[in-house]
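S.K.: Got a structure for you, written out below as structure tokens; questions coming shortly.
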Amino acid sequence: MSLAFVNSHDSSEQKLHDHVLLAHSDAVWGIAYTEAETVFSISADGSIKHWTSASGQPVSPNSAFPPPHTLGLVSLSASRDGQKVLYNSIEGLVSLWDVAQNKIVARFESYVRKTENPEPSWSVSLNPKSETYASTGGSGNLVLHSAKAENFGERLATLSPGTRQKFGMHCSHSPDGKRVALATESGQIFIFDVESNTLATSFHSHAMSVRSVAWSYDSSILMSASEDKHVVLHDVRGQAGGFVTSFSGHSSWVLSVDISPDGRLALSGSADKTVKVWDIGARAAVSTIPDTGEVWAVAWRPKPAPVGSPGSFVTGGEDGTVRWWRGAGAGVV
């Protein structure tokens, strides 16, 4: 089986007063697709943008808020309803954007040395309840923080894999909020139970750094993307968990991954300048889409696809453009 996907539209230029602002002036490093039919994107240029999915236009065409950071933004996590957005700069400044109020309600300078055991955050993940967030960085540990405005960033727990790990590359909460996956530079993945603050299981599925992980919507499956050019599927149910299968086909690092809402398809973006769509049941790629550069971020539309349609997704990469893709012949979704 093969599936065709077509580019429906791209993020558009934004006119502010007499100036035209490009979507992003540098690579898109992260994307979040919300149930409110909006998309957030972060970039190496230090900006975070908010788009309406129907047209690719900015949600607030006359607003340049939030203002760009002086350094690149490397990590992004949004609540399902799109009302809270957590993002992180390359030096470790963590910000919480309340979209309804259109203001940054909290910031945490994770790199400040006056704090106890400071560790600059590299990757951040907002708990689905938006009361806490997780972060990882140079120590290879997972840290849980308060996401409440009054004590934002306060360390609640430090969860260790048990052995000294290299850099923590990515962390992600399961949709049910009960677990957090930690991906490391060494190629290992650790699953923590955040209710008991314990290590639940670990996977040694990759030979090189794991760049991205994604959960299935029922929190039972975890997919990982690695510099070893492979995408791996894990079953996290039960204490031991289990390796399910490995997907190969990319010719360079796999940088990003996501799973469709119905669990049938997966999506991966790579440094080989392609996006691949995988049929999880058939264990095979069913579509390969060329892009203009390295594909750093991918995200499925969280709304289930219409009957007969493979659905739609967004991608972002080296050229600074967010692109919307839909299944060919599926009509407007």
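S.K.: Taking every pair of alpha-carbon atoms in the stretch 178-333, what share in percent sits in each 10 Å bin, from 0 to the bin with the longest distance?
M.R.: All Cα pairs considered, the percentages come to 11, 41, 35, 12, 1.
S.K.: At a 1.4 Å probe, what is the % contribution of carbon and sulfur to the accessible area of the stretch 106-247? All intermediate terms of the calculation are to be shown ahead of the outcome.
M.R.: Values: 2860 of 6080 Å².
The computed percentage sits at 47.
S.K.: Can you tell me which of Leu76, Leu199, Leu233 moves the most in a GNM of the chain? Springs connect C-alpha atoms under 10 Å apart.
M.R.: Leu199
S.K.: Sticking with this structure for a sec: Limiting things to C-alpha atoms, what are the Rg and the maximum Cα-Cα separation (Dmax) for the stretch 22-265, in angstroms?
M.R.: 17.1, 51
S.K.: Percent relative contact order of the chain, based on C-alpha pairs within less than 8 angstrom and at least six residues apart?
M.R.: 14
S.K.: Continuing with this model, one more query. Using the structure shown, list the pairs from Lys84/Lys148; Lys49/Lys276; Lys84/Lys166; Lys49/Lys103; Lys103/Lys303; Lys166/Lys273 with a Cα-Cα distance above 19 Å, or answer none.
M.R.: Working: Lys84/Lys148 11 Å; Lys49/Lys276 25 Å; Lys84/Lys166 30 Å; Lys49/Lys103 13 Å; Lys103/Lys303 27 Å; Lys166/Lys273 27 Å.
Exceeds cut-off: Lys49/Lys276; Lys84/Lys166; Lys103/Lys303; Lys166/Lys273.
S.K.: If you don't mind, there's one more thing I want to ask. Quick one, what does Rg over Rh come out to for the stretch 278-322 if you take C-alpha atoms and the Kirkwood Rh?
M.R.: 1.01
S.K.: Please compute the per residue accessible area over the chain with all protein chains in place, 1.4 Å probe, rounded to a whole number of Å². Each step should come with its number before you reach the end.
M.R.: Details: 13930 Å² over 333 residues.
Accessible area per residue, the chain: 42 Å².
The values are calculated or read from the model by the stated rules, or taken from the named source; none is laboratory data. If you're wondering where the values come from, they're calculated on a predicted model, not measured in any experiment. The accessibility values were calculated without ligands, DNA or RNA, using every heavy atom of the protein model including side chains. Shrake-Rupley method; radii C 1.70, N 1.55, O 1.52, S 1.80 Å.
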